[in-house]
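Data first, discussion second: the structure below is written as structure tokens.
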Amino acid sequence: MLRLALAAAAALSPLPALAQEITPDEAQRIDAAVQKALASTGTPSASVAIVRGGRIVLAKAYDKASESIPQSRPDLPYQIASVSKQFTAAAMLLLQRDGKLSLDDTVAKYVPGITGGDTITLRQLLSHTSGLQDYWPQDYSFAAMEKPTTPQGIVDRWAKKPLDFAPGTQWQYSNTGYVVAGLVIEKVAGEPLLSFLQRRVFKPLQITAMDQDLAVGQRYPQGYHRYALGPVRVEKPAARGWLFAAGELAMSPSDLARWDIARMNRQLLTPAEWQAQETAVKLSNGKDTGYGLGVQVGTENGRAQVEHSGEAVGFLSENVVYPDDKAAVVVLTNSDFGNAFTTIAEDITKIVLPAKADTTSADEVAKTVQARRLFDQLRTGTLDPRLLTDDARYYFTKEAQSDYKASLSALGEPAKFEAGRGPRLRGGFVNRNYKVTYGDRTLNVITYAEPGDNGRYEQFLVQPAL
């Protein structure tokens with residue numbers, strides 16, 4: 001099986017660059033890391049691709065892709081969600097090269113009716129510094145997503161609200177900004193965004209990509225969800241139209257790896273355009289955001305990296321490129337719970353790249369007492385709905401509360417409840433994460449709450465961790 005996977009990976013690579021093949025020992029360790037992550041979190045499947053020395057050296061899929069595909073395959077297209085943002089940004093860079101727009105143009109020049117559109121620049125849309133409120137900060141499918149929408153529908157509901165801050169003064173992740181960017185691209189290009197990407201990006205790089213709304217049914221991977229540590233359940237897809245330029249793509253890990261190789265070798269885009277995408281945008285006060293145009297940029301464990309993750313309904317993905325090492329790791333999973341996707345990527349990186357010093361900063365501690373209070377209510381079945389927003393009350397159905405209570409109460413009293421990442425602003429809420437420890441078992445808690453001392457929770461998700 002390994003020889004077949006390596007042969008397939010070699011055939012997929014468009015580059016003759018020399019690369020160190022995956023050794024039998026590395027392959028065994030990779031398999032063990034993936035299987036451990038899947039088993040520990042309950043994630044049904046993972047599909048991975050590894051680039052080393054500038055070419056794909058491994059493409060392999062693990063376990064159940066769907067109820068109709070008991071064994072996943074490396075060629076199956078998983079929904080990559082927000083990893084798509086770098087393609088939207090690339091489309092705008094290509095249109096700038098064509099002389100059809102400038103990233104310093106204001107939004108109002110192309111799309112009317114956007115709040116602050118006469119001061120928000122296209123660059124600010126792509127760098128999440130526009131001030132437009134995010135329409136999907138939650139890590140679950142909220143009530144409105146049961147009905148189809150359009151880019152204009154999203155704009156009308158969210159991009160005409162008051163700005164969360166003056167453009168350029170703060171960084172806040174905003175899917176709304178990318179929907180507006182997609183509308184700009186379509187108006188300037190005179191064709192649908194996906195059509196433009198197929199013509200100018202995917203076909204030249206021999207990438208097979210499709211609209212994730214169409215990647216559903218018996219031929220495709222199926223998304224899964226889990227309430228706390230309850231049963232892993234098939235997740236109902238969102239209605240069509242909810243991601244668009246913010247995350248509309250589905251592709252295989254090898255196809256995404258082709259794009260990573262183009263990045264390493266400065267293909268398709270010019271070196272200056274790649275550099276523009278990978279340069280962190282600064283705020284008006286000079287602060288570095290750590291985010292370029294559709295990608296996170298910085299240093300992790302002593303290595304320069306270009307990274308982005310993605311979340312669709314039932315899917316999580318991680319794409320990280322180490323340009324100085326000519327390496328990349330792509331991990332696509334069909335669950336929207338747990339940290340298997342990032343843990344697998346981290347473990348593979350440790351296996352295939354030489355170790356460097358860990359420069360991770362200390363965790364920020366905030367509002368732990370409030371979060372622990374709600375956690376205890378969920379595990380004891382005493383949830384107080386007054387602590388939740390309307391969307392959170394919609395999420396915590398009787399079934400959800402039953403799964404939370406049954407699975408968490410069985411673990412008993414936690415040994416530790418600690419703050420992790422946070423706080424950061426998104427969609428008008430404050431995101432904070434926590435880690436819950438039971439002896440040798442760990443859970444992650446991902447929260448969004450209204451600002452202020454007594455802000456209600458928009459999201460409080462408990463997920464398995466490694």
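The values are calculated or read from the model by the stated rules, or taken from the named source; none is laboratory data. All values reported here derive from a predicted model rather than from experimental measurement. We place every Cβ from the backbone using ideal geometry, glycine too, and count neighbours over all the protein chains shown.
In this structure, does ARG266 turn out to be among the basic types (Lys, Arg) and within 17 Å of SER84 (Cβ to Cβ)? No, not satisfied.
For LYS147, the stated conditions do not hold, so it cannot be described as among the basic types (Lys, Arg), surrounded by fewer than 20 Cβ atoms within 10 Å (Cβ to Cβ) and either touching a His at 6+ places or on another chain (Cβ under 6 Å) or within 30 Å of ARG379 (Cβ to Cβ) (or both). Residue check: is LEU229 in contact with a Leu (Cβ under 9 Å, 6 or more places away or on another chain), outside any helix (DSSP H, G or I) and not acidic (Asp, Glu)? Considered against the rule, which asks whether it is in contact with a Leu (Cβ under 9 Å, 6 or more places away or on another chain), outside any helix (DSSP H, G or I) and not acidic (Asp, Glu), LEU229 comes out as yes. Assess whether GLY177 counts as being of a type in the set (Gly, Ala, Ser), part of a helix (DSSP H, G or I) and in contact with a Phe, Trp or Tyr (Cβ under 9 Å, 6 or more places away or on another chain). It is false that GLY177 is of a type in the set (Gly, Ala, Ser), part of a helix (DSSP H, G or I) and in contact with a Phe, Trp or Tyr (Cβ under 9 Å, 6 or more places away or on another chain). ASP391 meets each of the listed conditions (1) among the acidic types (Asp, Glu); (2) out of contact with any strand residue (DSSP E or B) (no Cβ under 9 Å at 6 or more places or on another chain); (3) buried (at least 16 other Cβ atoms within 10 Å of the Cβ) apart from (2). Every listed requirement among (1) in contact with a helix residue (DSSP H, G or I) (Cβ under 9 Å, 6 or more places away or on another chain); (2) free of Cβ contacts under 8 Å to residues at least 60 places away in the same chain is met by SER141 save one, (2).
Of everything in the stretch 56-96 that's assigned to a helix (DSSP H, G or I) and touching a Lys or Arg at 6+ places or on another chain (Cβ under 8 Å), which residue is surrounded by the fewest Cβ atoms within 10 Å (Cβ to Cβ)? Explain how you work it out, then say what you get.
Looking only at the stretch 56-96, we keep the residues that are assigned to a helix (DSSP H, G or I), and these are 81-96.
Okay, now just the ones that are also touching a Lys or Arg at 6+ places or on another chain (Cβ under 8 Å), so 91, 94.
Values: ALA91: 25, LEU94: 20.
The selected residue is LEU94.
Which ones in the stretch 65-105 are basic (Lys, Arg) and not assigned by TED's automatic domain parsing to the domain that holds LEU268?
Within the stretch 65-105, the first condition is being basic (Lys, Arg), and the residues that meet it are 73, 85, 97, 100.
ARG73 - this is the single residue of the stretch 65-105 that is basic (Lys, Arg) and not assigned by TED's automatic domain parsing to the domain that holds LEU268.
Of all residues in the stretch 180-218, those satisfying the criterion of being in contact (Cβ under 8 Å) with a residue 24 or more places away in the chain and assigned to a loop (DSSP other than H, G, I, E, B) are PRO204, LEU205, GLN206, ILE207, THR208, ALA215, GLN218.
This table checks each residue for (1) of a type outside the set (Phe, Trp, Tyr); (2) surrounded by fewer than 20 Cβ atoms within 10 Å (Cβ to Cβ); (3) over 23 Å from the mean Cα position of the chain (by Cα); (4) not in a helix (DSSP H, G or I).
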| position | (1), (2), (3), (4) |
| --- | --- |
| GLU399 | yes, yes, yes, no |
| TYR404 | no, no, yes, no |
| PHE417 | no, yes, yes, yes |
| LYS435 | yes, yes, no, yes |
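For the residues LEU125, LEU163, LEU132, the requirement of being under 27 Å from ASP104 (Cβ atoms) and part of a helix (DSSP H, G or I) singles out LEU125. Residue-level check: of (1) within 28 Å of LEU268 (Cα to Cα); (2) under 20 Å from the mean Cα position of the chain (by Cα); (3) outside any loop (DSSP other than H, G, I, E, B); (4) not hydroxyl-bearing (Ser, Thr, Tyr), ILE154 misses just (1). Could you go through the stretch 263-270 and let me know if any residue there is among the hydrophobic types (A, V, I, L, M, F, W, C), modelled with pLDDT of 95 or more and in a helix (DSSP H, G or I). Looking for residues that are among the hydrophobic types (A, V, I, L, M, F, W, C), modelled with pLDDT of 95 or more and in a helix (DSSP H, G or I), one finds at least one in the stretch 263-270, hence yes.
Do the conditions hold for ARG373, that is, is it modelled with pLDDT of 95 or more, farther than 18 Å from GLN463 by Cβ and not aromatic (Phe, Trp, Tyr)? Give the steps one after another, and end with the answer.
Details: modelled with pLDDT of 95 or more: no; farther than 18 Å from GLN463 by Cβ: yes; not aromatic (Phe, Trp, Tyr): yes.
For ARG373, the condition - modelled with pLDDT of 95 or more, farther than 18 Å from GLN463 by Cβ and not aromatic (Phe, Trp, Tyr) - is not met.
Got a sec? Which of ASP134, ASP118, ASP139 is touching a strand residue (DSSP E or B) at 6+ places or on another chain (Cβ under 6 Å) and modelled with pLDDT under 95? Lay out the reasoning, then the answer.
Details: ASP134 fails: modelled with pLDDT under 95; ASP118 fails: modelled with pLDDT under 95.
Result: ASP139 is the single residue among ASP134, ASP118, ASP139 that is touching a strand residue (DSSP E or B) at 6+ places or on another chain (Cβ under 6 Å) and modelled with pLDDT under 95.
Scanning the stretch 351-370 for residues that are assigned to a loop (DSSP other than H, G, I, E, B), modelled with pLDDT of 60 or more and either aliphatic (A, V, I, L, M) or more than 30 Å from GLU399 (Cα to Cα) (or both) yields LEU353, PRO354, ALA355, LYS356.
Quick one: which of LEU256, LEU293, LEU268 is out of contact with any strand residue (DSSP E or B) (no Cβ under 7 Å at 6 or more places or on another chain), in contact (Cβ under 8 Å) with a residue 12 or more places away in the chain, of a type in the set (A, V, I, L, M) and buried (at least 20 other Cβ atoms within 10 Å of the Cβ)?
Values: LEU256 fails: out of contact with any strand residue (DSSP E or B) (no Cβ under 7 Å at 6 or more places or on another chain); LEU268 fails: buried (at least 20 other Cβ atoms within 10 Å of the Cβ).
LEU293 is the lone residue from the list that is out of contact with any strand residue (DSSP E or B) (no Cβ under 7 Å at 6 or more places or on another chain), in contact (Cβ under 8 Å) with a residue 12 or more places away in the chain, of a type in the set (A, V, I, L, M) and buried (at least 20 other Cβ atoms within 10 Å of the Cβ).
Looking only at the stretch 159-178, decide whether some residue is in contact with a strand residue (DSSP E or B) (Cβ under 8 Å, 6 or more places away or on another chain), at pLDDT 95 or above, of a type in the set (A, V, I, L, M) and under 22 Å from GLU248 (Cα atoms). No, the conditions are met nowhere in the stretch 159-178. Among the conditions (1) crowded, with 21+ Cβ neighbours inside 10 Å; (2) assigned to a loop (DSSP other than H, G, I, E, B); (3) not small (Gly, Ala, Ser), LYS236 misses just one, which is (1).
Considering the stretch 407-460, the residues that are among the aliphatic types (A, V, I, L, M) and in contact with a Pro (Cβ under 7 Å, 6 or more places away or on another chain) include one that is nearest to PRO162 (Cα to Cα), namely VAL430.
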